[in-house]
Amino acid sequence: MKRRLWFWQALLLAAIFGLWHVATAPDLLPPIVWDNPDRAAFFFGEPLKMFVVIRDWFVSGEIYPHLWVTLQETALAFVIGSLLGLAIGLWLGLTPFASMLLDPYIKAANAMPRVVLAPIFMVWFGLGIWSKVALGVTLVFFIVFFNVYQGVKEVSPVVLSNATMLGASRRQLLRHVYLPSATSWVFSSLHTSVGMAFVGAVVGEYLGSARGVGYLIHMAEGAFDINTVFAGILVLTVFALVLDFAVSAAEKRLLVWRPVQGETEPQL
Amino acid sequence: MDPAVSLEKVTCTFAAKSGEGHYTAVKDVDLAIAGGEFVSVVGPTGCGKSTLLNVAAGLLRPSSGAVKIHGEPLAGINRRAGYMFQAESLMPWRSALANVTAGLEFRGEEAASARAKAEGWLERVGLAGFGDRYPHQLSGGMRKRVSLAQMLILDPQILLMDEPFSALDVQTRQLMENELLELWSADRKSVIFITHDLEEAISLSDRVVVLSAGPATRPIGEYVIDLPRPRDVSEIRLTPRFIELHDRIWHAMKGEVLKGYAQTRNRTSG
Ligand SMILES: Nc1ncnc2c1ncn2[C@@H]1O[C@H](COP(=O)(O)OP(=O)(O)OP(=O)(O)O)[C@@H](O)[C@H]1O
Ligand SMILES: [Mg+2]
């Protein structure tokens, strides 16, 4: 069943590229929409040329430093944003007064479209990776923060009472009950927060930088080189998929204690 | 000698769910458990048994009344007591073994010796070899037994047990009951044991306390169980004295059980 599904999924992908090729290759189809045969290729690129761009990137090795920068920015934004979200989420979850005091500000900060901060970060942190990291952090922080906050509020009171009866001090409760419970919520939002870190990195690069895949796309756009733009998008998409796989693998290892619906070993 | 646990005129009033009004779960409850005594508390569902146990544990401050532990007023958590909760209380992110060692860990005991002790306790509750399972990988009854080991490893003087064995099948249950009795007779802990099951209450206890239906629950009967010890819980049930006691207590309880059921239903529907 699974193999059949794979087959159909691959076929669908091939079909999409095939259709794209047929629709954009000049002079292949009689002109319907545009009278100029090169028009479609100008707007939508040509998959074959796009693949050539990608192949050249990887063969010449030109893409690697850019990918590396984007990866670094994503990882840093994720780690810093998660740690901040965890710390502040725990703190506010455990001090009702502070959380009531800050509640409207947090809501406002979260509602604000944070992409507009990118230019400010560029002024503060320059055109290097840190301005992108900062943008990613603002995106990741709120996801993790809200999850941790929720996680702290929803610690089972019975588990908490039990740990108390077993002699846990306040600090031990924090370390052995609140933190594990909150971390599990962080992991449950792992896919979203890694995705957001990635978005922060790419958008930051796109808005102003000298490196990274977002920068490549931006440059190509400036030169109306639509094939390179699409090549960049495709590389980013594959990259995001790889990240997502990595997150799934990490999740599986870190959350062994979590119940999974209908978890049985298949008989071989 | 001062009783191990004594509740004096304990009243607990909760704010009603709807936000207005109050619900008095227990009212003016006097209950004293002597050092080394095994007392069972039975009563209809929702009458306030868990509430009383939480008060004795120091987790819930009564609205009025006093709690004394060995003659001293209880302030904060009752450090001499071990509590086995009615609901799921294991830390889901810890394996069974790590759950059992938790209390020792909190006390700063060395990991290796804590581990060795915990393995011994898991074996005693019949879970040798299940130490590395997480709570969700255990059955409900197994989780209860982990909770039991988790409590007993700390060797508390006072045991507060809230329907500890109701999730077990009859055979395992009797094994655990006998194990508990053996443990108890070894160093005479004071036990407050809550159960729905009158037979269980009689076969284990020195004394059975029957609570009235809520609201404003209070004890309506106390029965000294003068069955000889040591007991075997399955054999003792067949003795004439057991049957006699059972009849007497059940007679007193029956009315309350029906009342309790009707009231719980009215509260939820009305
Ligand atoms: N925190 C609370 N807030 C409001 N009402 C409560 C609270 N805790 C308990 N009650 C009420 O007090 C009553 C007694 O509850 P309790 O849990 O002590 O019953 P119980 O005798 O242990 O019942 P069961 O045998 O079903 O476990 C119930 O009617 C319950 O609705
Ligand atoms: Mg109860």
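Values in this text are rule-based calculations from the coordinates and carry no lab data. Just so it is clear, the structure is predicted and the values come from calculations on it, not from any experiment. Neighbour counts run over all protein chains shown; Cβ positions are idealised from the backbone, glycine included.
Loop-located GluC sites (Glu not before Pro) in region A:51-159 (DSSP state not H, G, I, E or B) with no more than 11 neighbouring Cβ atoms inside 10 Å: A:Glu62.
Summary of the geometry: region A:29-64 and region B:156-216, compared by the centres of their Cα atoms, lie 78 Å apart. Here the Kirkwood formula, the inverse mean of 1/r across different C-alpha pairs, assigns region B:1-153 a hydrodynamic radius of 17.4 Å. Rounded to the nearest whole Hz, the Karplus-based 3J(HN,Hα) values (6.51 cos²θ - 1.76 cosθ + 1.60, θ = phi - 60°) of region A:69-83 follow the sequence 4, 4, 5, 4, 4, 4, 5, 5, 4, 5, 5, 5, x, 5, 5, with x at glycine and proline.
Which aspartates and glutamates, if any, have their Cα less than 14 Å from the Cα of B:Lys9, not counting same-chain residues under 8 positions apart? Leaving aside aspartates and glutamates fewer than 8 places away in the same chain, those within reach of B:Lys9 are B:Asp28, B:Asp30.
Look at the stretch A:165-178: the mean tally of other chain Cβ atoms within 10 Å of its residues' Cβ atoms is 5.
Taking only the C-alpha atoms of region A:104-156, Rg followed by Dmax gives 13.7, 46 Å.
Based on alpha-carbon atoms only, what is the radius of gyration of chain B relative to the globular estimate 2.2 N^0.38 Å? Cα Rg divided by the expected 2.2 N^0.38 Å: 1.02. Taking the longest Cα principal axis of chain A as reference, the axis of helix A:47-60 is set at about 70 degrees.
Here region A:1-147 has an Rg and Dmax of 23.5, 70 Å, counting Cα atoms alone. Restricting attention to the protein assembly as shown, close to 55% of DSSP beta bridges with both partner residues there are antiparallel.
Under the rule a/c < 1.5 gives rounded, and otherwise a/b versus b/c splits prolate from oblate, where does region A:81-136 land using the Cα gyration tensor? Note, shape of region A:81-136 comes out prolate. Taking the centroid of alpha carbons for each part, region B:76-105 and region A:90-108 are 30 Å apart. Running a GNM on chain B with Cα contacts under 10 Å, which residue among B:Phe242, B:Phe130, B:Phe106 ends up with the highest mean-square fluctuation? Of B:Phe242, B:Phe130, B:Phe106, the most mobile in the Gaussian network model is B:Phe106. Counting, for every residue in B:83-89, the Cβ atoms of other protein chains within 10 Å of its Cβ and taking the mean gives 5.
Note down the Stokes-Einstein diffusion coefficient of region A:60-254 in µm²/s, whole number, using a Kirkwood radius over alpha carbon pairs, 37 °C, and 0.692 mPa s. Roughly 181 µm²/s, to the nearest whole number.
Taking chain A as a Gaussian network of alpha-carbon nodes connected by springs under 10 Å, the highest mean-square fluctuation of the residues A:Gly61, A:Gly128, A:Gly204 belongs to A:Gly61. Cross-link pairs exceeding 27 Å in C-alpha to C-alpha distance, out of A:Lys153/B:Lys117; B:Lys68/B:Lys189; A:Lys132/A:Lys153; A:Lys153/B:Lys259; A:Lys107/A:Lys132, comprise A:Lys153/B:Lys117; A:Lys132/A:Lys153; A:Lys153/B:Lys259.
Across region A:183-200, coupling constants 3J(HN,Hα) worked out from phi with the 6.51/-1.76/1.60 Karplus curve, θ = phi - 60°, read 4, 5, 6, 4, 5, 5, 9, 4, 4, 5, 6, 5, x, 5, 4, 5, 4, x Hz, and Gly and Pro carry x. Using R0 = 45 Å, the C-beta based FRET efficiency linking B:Glu222 and B:Ala15 works out to 0.90. Taking the inverse of the mean reciprocal distance over all distinct Cα pairs, the Kirkwood hydrodynamic radius of the protein assembly as shown comes to 28.4 Å.
Per residue of B:100-108, how many C-beta atoms from partner chains lie within 10 Å of its own C-beta, taken as a mean?
Per residue, the number of nearby Cβ atoms from other chains is 4 on average.
Scoring B:21-27, B:169-175 by mean Cβ neighbours within 10 Å over their residues and listing the highest first yields B:21-27, B:169-175.
Of the residues B:Gly126, B:Gly36, B:Gly108, the one that moves most in a GNM of chain B with alpha-carbon contacts below 10 Å is B:Gly108. For chain B, the share of DSSP beta bridges that are antiparallel, to the nearest 5, is 55%. Annotation note: GluC sites (Glu not before Pro) in region B:1-66 located in DSSP loop regions with a Cβ neighbour count of at most 10 within 10 Å are B:Glu20. Here the Karplus relation 6.51 cos²θ - 1.76 cosθ + 1.60, evaluated at θ = phi - 60°, turns the backbone of region A:102-118 into coupling constants of 8, 3, x, 5, 5, 4, 5, 4, 6, 6, 5, x, 6, 4, 5, 6, 3 Hz, with x for every Gly and Pro.
Here A:Asn36 and B:Asn266 are evaluated by their C-beta separation; at R0 = 56 Å the FRET efficiency comes out at 0.10.
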